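The values are calculated or read from the model by the stated rules, or taken from the named source; none is laboratory data. Only a predicted model underlies this, so the values are computations on that prediction, with no experimental measurement involved. Please note: Cβ atoms are built from the backbone with ideal geometry, for glycine as well, and neighbour counts cover all protein chains shown.
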Amino acid sequence: MKNLFLPLLLLPACAMAQVSIESPKSGWRHSGGSEEQYSQAVNYPASVVNMQPGQAETAQIRGKIAGAGRSKPAKLIVNGVAMPVELQEDGSFARPYIFGPGSNGVEVRSPDGKHRARSQFYDSYSGKTKSRLRVVLSWDSPGTDVDLHVITPNGGHSWFGQRMLPDGSGLDVDVTGGFGPEIYSSPAPAKGNYHVYVNYYGGNSEKQVITVATVSVITNENTPSEKQQTFMVPLRAAGELTLVKSFVYP
């Protein structure tokens, strides 16, 4: 009689529990007093998202995918919004993220989609500012720089040259090496017309003729009236500026 359990013993260790999330940890937490820095320092040239030294643990997404390498990005899903996340040579990843109060969910999937890990936590700090408007930009080609531009009703223009605006809204990081994500958020959006643009700043056209940008617009995040819209835009030439979405808030 053959041993039916033998094939399981021969599976490589990386086939099981390949994805690990170090932060955020599942469970209950109170982020009051944490040093959460929304605006991150940007280094040029940069190939991955910069992580500000001293950034609070409560404002980080960090972990590792064993054996994944960095040939392809992993998929990061935060509160239902999917975006790529750049991997280092050892399969590790890290990016700043300012979570809102209440329930938050983070899922990380390996580049091939076969392995995943999830963290679900509740932040009970009621004094924490919520993101009433969040715009997430990502794209599908490495070695490519795509920039997010958001025009606000009061004439503000958030982009890599002026990431933070006087009303407290702004862009968290400027990703210059491919995949993104770049995230704009506002705790108190002004009422009126918003315009979301993407600029194909530069890329490696020899490897990929078309770069597809994905833009998600999330309003009233983590509330019963939350709304998500996602748009995909093909970009063909460096210097191309495209209006993705105009909308009225609220």
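Descriptive notes on the structure:
- The lone exception for SER225 - which of (1) more than 18 Å from the chain's Cα centre (by Cα); (2) outside any strand (DSSP E or B); (3) within 20 Å of TRP159 (Cα to Cα) it fails: (3)
- Looking across the range 214-228 at every residue that is more than 17 Å from PRO189 (Cα to Cα) and modelled with pLDDT of 95 or more, the one that is surrounded by the most Cβ atoms within 10 Å (Cβ to Cβ) is identified as VAL215.
- Residue list for the range 59-93, filter: touching an Asp or Glu at 6+ places or on another chain (Cβ under 6 Å), closer than 29 Å to GLY33 by Cα and touching a residue at least 40 places away in the same chain (Cβ under 8 Å): ALA59, ARG62, GLY63
- Residue match in the range 176-183 (condition: at pLDDT 95 or above, surrounded by fewer than 22 Cβ atoms within 10 Å (Cβ to Cβ) and part of a loop (DSSP other than H, G, I, E, B)): no
- Candidates SER126, SER110 - the one that is out of contact with any Ser or Thr (no Cβ under 9 Å at 6 or more places or on another chain), of a type in the set (Ser, Thr, Tyr) and either under 23 Å from VAL146 (Cα atoms) or surrounded by 19 or more Cβ atoms within 10 Å (Cβ to Cβ) (or both): SER110
- Residues located in the range 229-250, provided they are more than 23 Å from GLY192 (Cα to Cα), within 18 Å of the chain's Cα centre (by Cα) and surrounded by fewer than 17 Cβ atoms within 10 Å (Cβ to Cβ): MET232
- Number of residues in the range 118-144 that are at pLDDT below 90, closer than 19 Å to PRO96 by Cα and touching a Phe, Trp or Tyr at 6+ places or on another chain (Cβ under 8 Å) equals 0.
- Residue among THR152, THR144 that alone is more than 19 Å from the chain's Cα centre (by Cα), among the hydroxyl-bearing types (Ser, Thr, Tyr) and surrounded by 20 or more Cβ atoms within 10 Å (Cβ to Cβ): THR152
- Selection count, the range 98-154, where residues are touching a Gly at 6+ places or on another chain (Cβ under 6 Å), more than 27 Å from VAL198 (Cα to Cα) and among the acidic types (Asp, Glu): 0
- Taken over the range 108-140, the criterion of being within 30 Å of PRO234 (Cβ to Cβ), outside any strand (DSSP E or B) and among the hydroxyl-bearing types (Ser, Thr, Tyr) is satisfied by SER110, SER131.
- The one condition in (1) surrounded by fewer than 21 Cβ atoms within 10 Å (Cβ to Cβ); (2) under 15 Å from the mean Cα position of the chain (by Cα); (3) part of a loop (DSSP other than H, G, I, E, B) that PHE99 fails to fulfil: (1)
- Only one of the numbered conditions (1) within 18 Å of the chain's Cα centre (by Cα); (2) at pLDDT 90 or above is violated by LYS191, and that is (1).
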